[in-house]
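Notes for the one structure printed next.
The values are calculated or read from the model by the stated rules, or taken from the named source; none is laboratory data. From a predicted model like this one, the values you see are computed outputs, not experimental measurements. With ideal geometry, Cβ positions are generated from the backbone for all residues, glycine too; neighbour counts draw on all protein chains shown. Side chains included, ligands, DNA and RNA excluded: accessible areas come from the protein's heavy atoms. Shrake-Rupley method; radii C 1.70, N 1.55, O 1.52, S 1.80 Å.
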Amino acid sequence: MELGLKGRNAFVTGASRGIGAAIARALAVEGVNLALFGRDLQRCTALAAELSEKHPAIRTVVCKLDMQQPDVLARAVTKAADTLGGCDILVNCAGGATRGRLEDIDDESWTHNFNVKPLGLVRVTRNCLPLLRKSDQARIINVAGTRGREPGAFSVMSSPINLATLGVTKALANELGPQGITVNAINPGSTDTGRWTELVNMTASDRGLSTEEAKKYLNREVPLGRVVMPSDIAGLTVFLASSQAAMITGVAINVDGGRSRSI
C-alpha cells in the first residue's frame, strides 16, 4: 500500500520516550523527516542519532519544548520549520495526568497537567497552522486516551484532560476541514510505558496482589488479553498521516484491545 509519506515532514511532541518515540520510529520507516520535540534533550538526541543511522535518507532535528512557555514553544516550532522546510504532519503526544485518588492530587498538579495538555496542545497547533496550511497533505493527530470517554477509578484527572483533547480535536476538524487539514485523535488504552507500571503498582497495592497478579488482573478486562504496546499506537498514527486516510477526520479511534465498553 502506497502511503504517500516519503519526504514528508512531521513534528512529534513528547518524542523522548514511550508512545511518542514509537511514533517517530514508525514514521522514520516510511521515510518521513522528523522534528523531535521534548523536554529531555538527551533522550531526543539519542533517538535522532538512532533514526539517522537506521534511515540515512531522512533528516531529523531535535527541539527542546516547554509546553508551558509560549516563547520557548514558538522558537522550537520555528527552528524545526527552518531545518526541515515545513510541516505536513503534527503529532501531539506530549502530556499526561497524575493518577490517583481525588484527595491525593493537589491544585499544582491539576494546573501543571492542564497547562501541558490540552492547553499546550493548543499552543503547538496554533504555531504550526501557518505551516500546515502550505501542505497538500496536512494532518494533525492528537494522542488522547480512553478515559476521556469512559472515566474510571484513579482517573479523575486523565478523564477531563482527555475529554478536552477530544473536544479540541472535533472542533478543529470542523474548522480546518475546508482548508484541507484533517484532525483526528487516538485513544490508547493502558499502554506498556511508565504509566502502565504506575497502574500495575497501584492496583497491586490497592488489592493486595503481587505485580504479576496485578498485570493479570488488569489484562483480564481486555478482550484481546494483553496490554497495548506503543507500536500499536504508532501503526495507526502512520495510517492517519498517510494519503490513504484523506477522508478521515474528526474521529477518535480507540486502541485498547476492546477494553472500552462503549461503541
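Out of curiosity, is Asn127 out of contact with any Gly (no Cβ under 9 Å at 6 or more places or on another chain), open to solvent by 10 Å² or more (accessible area, probe 1.4 Å), modelled with pLDDT of 95 or more and not aromatic (Phe, Trp, Tyr)?
On the way: out of contact with any Gly (no Cβ under 9 Å at 6 or more places or on another chain): yes; open to solvent by 10 Å² or more (accessible area, probe 1.4 Å): yes; modelled with pLDDT of 95 or more: yes; not aromatic (Phe, Trp, Tyr): yes.
Criteria met by Asn127.
Here are some residues: Ala97, Ala57. Which one is of a type in the set (A, V, I, L, M, F, W, C) and either open to solvent by less than 30 Å² (accessible area, probe 1.4 Å) or touching a residue at least 60 places away in the same chain (Cβ under 8 Å) (or both)? Don't jump to the end; show me each part of the working.
Values: Ala57 fails: either open to solvent by less than 30 Å² (accessible area, probe 1.4 Å) or touching a residue at least 60 places away in the same chain (Cβ under 8 Å) (or both).
Result: Ala97 is the single residue among Ala97, Ala57 that is of a type in the set (A, V, I, L, M, F, W, C) and either open to solvent by less than 30 Å² (accessible area, probe 1.4 Å) or touching a residue at least 60 places away in the same chain (Cβ under 8 Å) (or both).
I need the helices (runs of 4 or more DSSP H) fully contained in region 1-86, keeping only those with at least 3 residues that are out of contact with any Pro (no Cβ under 7 Å at 6 or more places or on another chain), under 23 Å from Val122 (Cα atoms) and at pLDDT 95 or above.
On the way: elements: 18-29, 41-54, 70-84.
Correct list: 18-29, 70-84.
Given the structure, is Thr249 among the polar types (S, T, N, Q) and either without any contact (Cβ under 8 Å) to a residue 12 or more places away in the chain or touching a Leu at 6+ places or on another chain (Cβ under 7 Å) (or both)?
Details: among the polar types (S, T, N, Q): yes; either without any contact (Cβ under 8 Å) to a residue 12 or more places away in the chain or touching a Leu at 6+ places or on another chain (Cβ under 7 Å) (or both): no.
The answer is no for Thr249.
Glu175 is checked against (1) touching a Lys or Arg at 6+ places or on another chain (Cβ under 9 Å); (2) at pLDDT 90 or above; (3) of a type in the set (Asp, Glu) and fails just one. What number does that condition carry?
With (1) touching a Lys or Arg at 6+ places or on another chain (Cβ under 9 Å); (2) at pLDDT 90 or above; (3) of a type in the set (Asp, Glu) applied to Glu175, the lone miss is (1).
Please give the number of the condition Thr237 fails out of (1) surrounded by fewer than 17 Cβ atoms within 10 Å (Cβ to Cβ); (2) within 19 Å of Ala10 (Cβ to Cβ); (3) of a type in the set (S, T, N, Q).
Here Thr237 meets the rest and fails (1).
Provide a single number: the residues in region 105-160 that are within 22 Å of Asp82 (Cβ to Cβ) and either of a type outside the set (D, E, K, R) or over 17 Å from the mean Cα position of the chain (by Cα) (or both).
Residues that pass the stated criteria total 16.
Could you list, ordered by first residue, the pairs with Cβ atoms under 7 Å in which the first is in region 19-42 and open to solvent by less than 20 Å² (accessible area, probe 1.4 Å) and the second is aromatic (Phe, Trp, Tyr) and not in a helix (DSSP H, G or I), at least 6 apart or interchain?
Ala35/Phe11; Phe37/Phe11
Tally the residues that are open to solvent by 40 Å² or more (accessible area, probe 1.4 Å) and either under 19 Å from the mean Cα position of the chain (by Cα) or without any contact (Cβ under 8 Å) to a residue 40 or more places away in the chain (or both), restricting the search to region 61-77. Reasoning before the result, please.
Just the residues of region 61-77 that are open to solvent by 40 Å² or more (accessible area, probe 1.4 Å), to begin with: 64, 66, 68-71, 75.
Within this subset, residues satisfying the condition of being either under 19 Å from the mean Cα position of the chain (by Cα) or without any contact (Cβ under 8 Å) to a residue 40 or more places away in the chain (or both) are 64, 66, 68-69, 71, 75.
Adding up the residues that qualify gives 6.
Please count how many residues of region 240-263 are assigned to a loop (DSSP other than H, G, I, E, B) and surrounded by 14 or more Cβ atoms within 10 Å (Cβ to Cβ). Write out each step before concluding.
We begin by selecting, within region 240-263, every residue assigned to a loop (DSSP other than H, G, I, E, B); these are 242, 246-251, 256-263.
Next, from what is left, pick out any that are surrounded by 14 or more Cβ atoms within 10 Å (Cβ to Cβ): 242, 248-251, 256-257, 259-260.
Of the residues in that region, 9 qualify.
List every residue pair whose Cβ atoms sit under 6 Å apart, with the two residues 6 or more apart in sequence or on different chains, where the first one lies in region 136-163 and is at pLDDT 95 or above and the second, anywhere, is among the β-branched types (Val, Ile, Thr) and in a strand (DSSP E or B).
From region 136-163, the pairs are Ala138/Ile181; Arg139/Ile89; Arg139/Thr182; Ile140/Val183; Ile141/Val91; Val143/Ile186.
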